[in-house]
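Trainee: Once you've had a glance at the structure underneath, I'll fire off some questions.
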Amino acid sequence: MSKLKAFRSSFLDFTNDPFYANELESVRYIADGLLVIENGLVKELGDYESLQAKYAGIEIASYPEMLIMPGFIDTHIHFPQTEAIASYGEQLLEWLHKYIFPTERKFQEFAYAQKIAAIFLDELLKNGTTTALVFAAVFPESVEAFFTEASRRKLRAISGKVMMDRNAPDYLTDTAETSYQQSKQLIEKWHKNGRLLYAVTPRFAITSSVEQLRVASQLLDEFPDVYLHTHLSENIDEIAFVGQLFPENEGYLDVYDRAGLVRNRSIFAHGVHLTDAEFARLSEAESAIAFCPTSNLFLGSGLFKLEKAKSKEHPVKVGLGTDVGAGTSFSLLQTAGEAYKVAQLRKQKLSPFQALFLATLGGARALGLEDKIGNFEAGKEADFIVIDPKSTELLAFRNSEATTTLEELAAKVFTLMVVGSDRSICATYILGNLAYERLN
Ligand SMILES: [Zn+2]
């Protein structure tokens, strides 16, 4: 007999994209709901009153005055950079050479990589992130360490070995051939091992030869359901350098495109300076962008044109990325708040529901995982978070009124985006099991 569990609280998730559909048709809010889980999967979500009799006698965990949402999805982050968060004073290329490359060197040692992977994953859970697309380092040991720790926690996680064969210190480079062999071995061992998935991960066009980019494409041909994960059009100096390295190409995206890397399972981080033609090409290829506002602000990279990606003519899949360690927070609540501010600086408006869609179902769609995660549809994996809208004295004061309408809910979740943090996450559940609980 399968064992049923149930959770009683308020629930918020998305059943449609609020950038295109009316918010009333996209947002599902149940003020007093019951979420029923069977074997780690969602069995049913509905009103407590209407489901109570049907599930009489099963164990119910109650979270009064809390808000339960699907776990957050981080579509771009680097686990080896955890210890380099908040490194002062540089923009992208200088920052990489001064802080990041020396840090990533340490990840050739499995034990060290495993220690940092554990800290990193605990930090994700503490911030309510239940799925992430993660850069490891160039060393296969770093990927082994990451997947070992993600597997112990039963997380749905995606990662891959960084491929980089030029314009980086010798201690951090591979070759086209070794990057092919090592990636292939890691794919065969880890892709679809439990909930884990693999991403072919060339760092960016600057650090890969044409030969290596082609090898990455060959891996995508040989293993059609793995991902491509890289950086794109983040910083002005970076784009100029790409232009020098690839003078025969028509812009940054074209470098990846001619190598065969622009596909429907390709996720490109940043895209801050994309042209209209590049947005159109990403739309046509059904590729995705990871929008990383805290990172773009921290490195002074620029302001992402979200409204171009979410246009009706050329819609591009978009998720939110924290991009730690250039990003300044593991919290997707805070990242959503910074996305709002980036929109403000561009005279655009990002609604709280749109932002939280990007952090949940939008991220799942960006990763092609909307059949498994992202909301509370029956049959999906029961990764969810319990949010405390009164987690600090300030939030308790600000959110002292009860929430009944959707407008009041929007106002409440907006306060969490703007002044919330990891403290706002009261508990995180993976496959219906408690994986993190805030203790004070
Ligand atoms: Zn990054």
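Trainee: I need the full set of residues from the stretch 161-189 which are surrounded by 15 or more Cβ atoms within 10 Å (Cβ to Cβ) and outside any helix (DSSP H, G or I), in order please.
Mentor: Across the stretch 161-189, the qualifying residues are K161, V162, M163, M164, D165, N167, A168, T173, D174, T175.
Trainee: Here are K308, K312: which of them is of a type in the set (K, R), out of contact with any helix residue (DSSP H, G or I) (no Cβ under 6 Å at 6 or more places or on another chain) and either at pLDDT below 95 or more than 16 Å from the ligand (Cβ to nearest atom) (or both)?
Mentor: Step by step, each of K308, K312 is checked, and only K312 is of a type in the set (K, R), out of contact with any helix residue (DSSP H, G or I) (no Cβ under 6 Å at 6 or more places or on another chain) and either at pLDDT below 95 or more than 16 Å from the ligand (Cβ to nearest atom) (or both).
Trainee: Right, something else. Among the residues of the stretch 203-210, are any more than 22 Å from A150 (Cβ to Cβ), in contact with a helix residue (DSSP H, G or I) (Cβ under 7 Å, 6 or more places away or on another chain) and among the hydrophobic types (A, V, I, L, M, F, W, C)?
Mentor: Yes.
Trainee: Taking H270 and the conditions (1) within 24 Å of H97 (Cα to Cα); (2) away from the ligand (no atom under 16 Å from the Cβ), which numbered condition does it fall short on, given that it satisfies the others?
Mentor: The one condition H270 does not meet is (2).
Trainee: Test Y63 against the stated conditions and say whether it is hydroxyl-bearing (S, T, Y), closer than 29 Å to T322 by Cα and surrounded by fewer than 19 Cβ atoms within 10 Å (Cβ to Cβ).
Mentor: yes
Trainee: Which one of these is surrounded by 22 or more Cβ atoms within 10 Å (Cβ to Cβ), among the hydrophobic types (A, V, I, L, M, F, W, C), more than 16 Å from the ligand (Cβ to nearest atom) and at pLDDT 95 or above: L124, L155, L133?
Mentor: That would be L155, the only listed residue that is surrounded by 22 or more Cβ atoms within 10 Å (Cβ to Cβ), among the hydrophobic types (A, V, I, L, M, F, W, C), more than 16 Å from the ligand (Cβ to nearest atom) and at pLDDT 95 or above.
Trainee: Please determine whether any residue of the stretch 325-338 is in a helix (DSSP H, G or I), away from the ligand (no atom under 16 Å from the Cβ) and more than 14 Å from the chain's Cα centre (by Cα).
Mentor: Taking every residue of the stretch 325-338 in turn, at least one turns out to be in a helix (DSSP H, G or I), away from the ligand (no atom under 16 Å from the Cβ) and more than 14 Å from the chain's Cα centre (by Cα).
Trainee: Tell me which residues, restricted to the stretch 235-267, are without any contact (Cβ under 8 Å) to a residue 40 or more places away in the chain, buried (at least 21 other Cβ atoms within 10 Å of the Cβ) and more than 16 Å from the ligand (Cβ to nearest atom).
Mentor: L253, V262
Trainee: If I ask for residues that are among the β-branched types (V, I, T) and either part of a loop (DSSP other than H, G, I, E, B) or under 19 Å from F139 (Cα atoms) (or both), which ones from the stretch 201-222 would you list?
Mentor: T201, I206, T207, V215
Trainee: Anything in the stretch 284-299 that is of a type in the set (S, T, Y) and within 12 Å of the ligand (Cβ to nearest atom)? List them, or say none.
Mentor: T294, S295
Trainee: Next question. Going through K106, K154, K192 one at a time, which residue ends up being basic (K, R) and assigned to a helix (DSSP H, G or I)?
Mentor: After ruling out the rest, the residue left standing is K106.
The values are calculated or read from the model by the stated rules, or taken from the named source; none is laboratory data. Note that the structure is a prediction, hence the values are computed from the model and not measured. All Cβ positions, glycine included, derive from the backbone under ideal geometry; neighbour counts span all protein chains shown.
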